[in-house]
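The structure under discussion appears below in the form of structure tokens.
The values are calculated or read from the model by the stated rules, or taken from the named source; none is laboratory data. Note that the structure is predicted; figures quoted are calculated from it, not measured. Virtual Cβ from ideal backbone geometry, glycine too; neighbours counted across all protein chains shown.
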Amino acid sequence: MKILKTMKKSKMNSQPLKTISKLFLLLFTTISSASCTNDDNANIKKSPVVLVHGAWQASYVWDQTEKDLKAAGYNVTVVKLPGHGDDTTPAYQVSFQAYVDKVKKAVNAYNEPVILIGHSLGGAVITQTAAEVPQKIKKLIYVAGFIPQSGKSVLDYSQMDTASLLPPSLKLSDDQTLAGIVNPEVNLTKIFAQDATDAQKQFLVSKYKAEPTIPLGTPLTYKTEDYNLGGKKYYIFTTADNTITYNFQQKMAKEAGITNTYTINSGHSPFISKSAELTKLIKEIITK
């Protein structure tokens, strides 16, 4: 009887031990799984990013975006289009194909497909580029970018956007190779960055340079099937845009078959006025 009582007592005491053991095993498994997930995320290969600026601006507009993406571990190339910024190529020598060739050179410098991002005029440039080297594009991201159909130019599309503040504010040089903005100290920021701070507006005005006209009027030439890209196209709408209006951005994205869309409540230059928010969206798209 004494032995039986001892055995019963031993079985009763073992139950809490078994429960504790199961809880410990569950906890250990959860921690191990989380650790592996974190390690996996840390080891995910990050595709290189190529950034293309738009008209009346230059590579400097991507400075903060480039810095933030590099800090997050991405390899980044910011393309400097001929005739912009510090580049002294005469306007009459600047061509749309020269833009595309410059971007293709940046893309082909990587031995893998890239994330190609274009703003405004840069949208047209990345459209043509992607159609010429579709195998080198992992994702194509437009930030308030033009997407002219083959046979149409940026100028054609700009004139379709009747609510834009840009066309009425332009003036041509005597030889018509440059398009300037009337009274840029006032109109430049009203058109491109009305939501920027005073310091940001002053920065943009200080960098202002008239735009070569030949690329603006050059029609794109690409095969629709090459540009299809199998759903790898994305668009970030700028909802308070005075340069390419929100409605017109939506129209272009729909025509181009882009269903992966995002919005940011900004003017035409979110990399200036809302850089952190834009970078967050870009990283979200990249990691989808």
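For residues that are assigned to a loop (DSSP other than H, G, I, E, B), over 20 Å from residue 203 (Cβ atoms) and among the aromatic types (Phe, Trp, Tyr), tally how many sit in region 54-92.
So the count comes out to 1.
Sort out which residues of region 70-99 are surrounded by 23 or more Cβ atoms within 10 Å (Cβ to Cβ) and closer than 22 Å to residue 112 by Cα, and write them in order of number.
79, 99
Looking only at region 276-286, count every residue that is touching a residue at least 12 places away in the same chain (Cβ under 8 Å) and surrounded by fewer than 20 Cβ atoms within 10 Å (Cβ to Cβ) and tell me the total.
Count: 7.
Is it fair to say residue 283 is charged (D, E, K, R), in a loop (DSSP other than H, G, I, E, B) and more than 23 Å from residue 155 (Cα to Cα)? If you could, list the steps in order and put the result at the bottom.
Working: charged (D, E, K, R): yes; in a loop (DSSP other than H, G, I, E, B): no; more than 23 Å from residue 155 (Cα to Cα): yes.
So residue 283 fails the test.
Please tell me if residue 90 is touching a Gly at 6+ places or on another chain (Cβ under 9 Å) and over 16 Å from residue 55 (Cβ atoms).
Judged against the criteria, residue 90 is a match.
Looking at 152, 138, which one is at pLDDT 95 or above, farther than 20 Å from residue 254 by Cα and either part of a strand (DSSP E or B) or not β-branched (Val, Ile, Thr) (or both)? Even if it seems obvious, please write down each step before you answer.
On the way: 152 fails: farther than 20 Å from residue 254 by Cα.
The conditions single out 138.
Picking from 68, 156, which residue would you name as being under 21 Å from residue 210 (Cα atoms) and of a type in the set (D, E, K, R)?
156 is the lone residue from the list that is under 21 Å from residue 210 (Cα atoms) and of a type in the set (D, E, K, R).
Just to verify a result, which residue in region 132-164, among those that are farther than 22 Å from residue 226 by Cα and in contact with a Leu (Cβ under 7 Å, 6 or more places away or on another chain), is surrounded by the fewest Cβ atoms within 10 Å (Cβ to Cβ)?
Only one residue tops the list, namely 155.
Restricting to region 196-226, and then to whatever is aliphatic (A, V, I, L, M) and in a loop (DSSP other than H, G, I, E, B), can you tell me which residue is surrounded by the fewest Cβ atoms within 10 Å (Cβ to Cβ)?
214
Going through region 162-195 one residue at a time, which ones are of a type in the set (Val, Ile, Thr) and either farther than 24 Å from residue 82 by Cα or assigned to a loop (DSSP other than H, G, I, E, B) (or both)?
The answer is 162, 177, 182, 186.
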